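Trainee: Just dropping this structure here.
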Amino acid sequence: MFIELATDRFWLKEILREDQAFIFKGLSHPDVISFYGVQYNSLEATKAQMKWYESLQEDNTGCWWKIVDKASGEPVGACGMNYYNSIHEKAEIGYWSLPAFWKRGIMNEVIPVMIKHLFNNWMLNRLEAVIEEGNDSSIKLSEKLGFVFEGKHREAEIKNGKRINLLMYSLLKSGVR
């Protein structure tokens, strides 16, 4: 059973197949994907992402939510956990929002609720945030939430034909505020 979460202004709801157009809108937007590891160039291609969300739940390797504005009912972004490893009690978090909703404190509001839920309901000791170098907004958010910078993975991936550096941040259960 999927657990929905809530904050003062937002619902965190299960991502369903009928959300495919919204997911495509986000993961094809040039501003969103500039620092995001996944992108799609067609609605049809986004089916792979929808299957991935489903497989996380089926395989018990994570969970993702769509972030829905309570006032308007409009989806504004997504957040979640993946790469859950029960043996090592760790996972990676991720999030994104549509640019029209940037700088409104959305992630500052929803990510702490998600993190508390994850630590309380999954066998977790460690959450990781892998952030592309230059993504200053995500770096600031991670540090504000208590994530600790652990180091740089130099030229760890190739994106748009260029080698990029990834920054590793982590939050331990003992450090959750």
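Every read-out reported here was derived from the displayed coordinates using simple, explicitly stated rules and does not represent laboratory data. These figures come from a predicted structure and were not determined experimentally. Quick reminder, even Gly has a Cβ in these numbers, built from the backbone with ideal geometry, and neighbours come from all protein chains shown.
Trainee: I'm told I3 meets every condition in (1) β-branched (V, I, T); (2) out of contact with any Pro (no Cβ under 6 Å at 6 or more places or on another chain); (3) surrounded by 13 or more Cβ atoms within 10 Å (Cβ to Cβ) except one. Can you identify the failing condition by its number?
Mentor: The one condition I3 does not meet is (3).
Trainee: To continue, here is another question. Does the stretch 131-163 hold any residues that are of a type in the set (V, I, T) and either touching a residue at least 12 places away in the same chain (Cβ under 8 Å) or under 23 Å from M107 (Cα atoms) (or both), and which are they?
Mentor: Residues satisfying the conditions are I131, I139, V148.
Trainee: Pull up the stretch 33-68, narrow it to residues that are within 25 Å of K116 (Cα to Cα), among the charged types (D, E, K, R) and out of contact with any Pro (no Cβ under 8 Å at 6 or more places or on another chain), then point me to the one that is surrounded by the most Cβ atoms within 10 Å (Cβ to Cβ).
Mentor: Only one residue tops the list, namely E54.
Trainee: Restricting to the stretch 9-24, and then to whatever is surrounded by 15 or more Cβ atoms within 10 Å (Cβ to Cβ) and charged (D, E, K, R), can you tell me which residue is farthest from V110 (Cα to Cα)?
Mentor: Checked the stretch 9-24; the qualifying residue farthest from V110 (Cα to Cα) is D19.
Trainee: Residue check, V176 against (1) under 19 Å from I33 (Cβ atoms); (2) touching a residue at least 12 places away in the same chain (Cβ under 8 Å); (3) more than 14 Å from the chain's Cα centre (by Cα), all met but one. Which one?
Mentor: Failed condition: (1).
Trainee: Quick check: is even one residue across the stretch 143-162 out of contact with any Gly (no Cβ under 8 Å at 6 or more places or on another chain), outside any strand (DSSP E or B) and surrounded by 15 or more Cβ atoms within 10 Å (Cβ to Cβ)?
Mentor: Scanning the stretch 143-162, I find at least one residue that is out of contact with any Gly (no Cβ under 8 Å at 6 or more places or on another chain), outside any strand (DSSP E or B) and surrounded by 15 or more Cβ atoms within 10 Å (Cβ to Cβ), so the answer is yes.
Trainee: If you don't mind, there's one more thing I want to ask. Among the candidates I115, I131, I111, I139, which residue alone is closer than 20 Å to P30 by Cα, buried (at least 19 other Cβ atoms within 10 Å of the Cβ) and not small (G, A, S)?
Mentor: The match here is I131.
Trainee: Only one residue in L118, L166, L98 is free of Cβ contacts under 8 Å to residues at least 60 places away in the same chain and under 15 Å from the mean Cα position of the chain (by Cα), so which one is that?
Mentor: On the way: L166 fails: under 15 Å from the mean Cα position of the chain (by Cα); L98 fails: free of Cβ contacts under 8 Å to residues at least 60 places away in the same chain.
L118 is the lone residue from the list that is free of Cβ contacts under 8 Å to residues at least 60 places away in the same chain and under 15 Å from the mean Cα position of the chain (by Cα).
Trainee: Can you tell me how many residues within the stretch 29-65 are in contact (Cβ under 8 Å) with a residue 40 or more places away in the chain, part of a helix (DSSP H, G or I) and either of a type in the set (F, W, Y) or out of contact with any helix residue (DSSP H, G or I) (no Cβ under 9 Å at 6 or more places or on another chain) (or both)?
Mentor: Narrowing the stretch 29-65 to residues in contact (Cβ under 8 Å) with a residue 40 or more places away in the chain: 29, 31-32, 35-37, 57, 63-65.
This time we only want the ones that are part of a helix (DSSP H, G or I), so: 31-32, 57.
Then drop every residue that is not either of a type in the set (F, W, Y) or out of contact with any helix residue (DSSP H, G or I) (no Cβ under 9 Å at 6 or more places or on another chain) (or both), which leaves 57.
Going through the stretch 29-65 one residue at a time, the tally reaches 1.
Trainee: Additional query: Just one of (1) without any contact (Cβ under 8 Å) to a residue 24 or more places away in the chain; (2) under 27 Å from L167 (Cβ atoms) trips up E18, so point out which.
Mentor: Answer for E18: the failing condition is (2).
Trainee: Exactly one condition in (1) of a type in the set (S, T, Y); (2) at negative phi; (3) assigned to a strand (DSSP E or B) is false for Y83; which is it?
Mentor: Here Y83 clears every test but (2).
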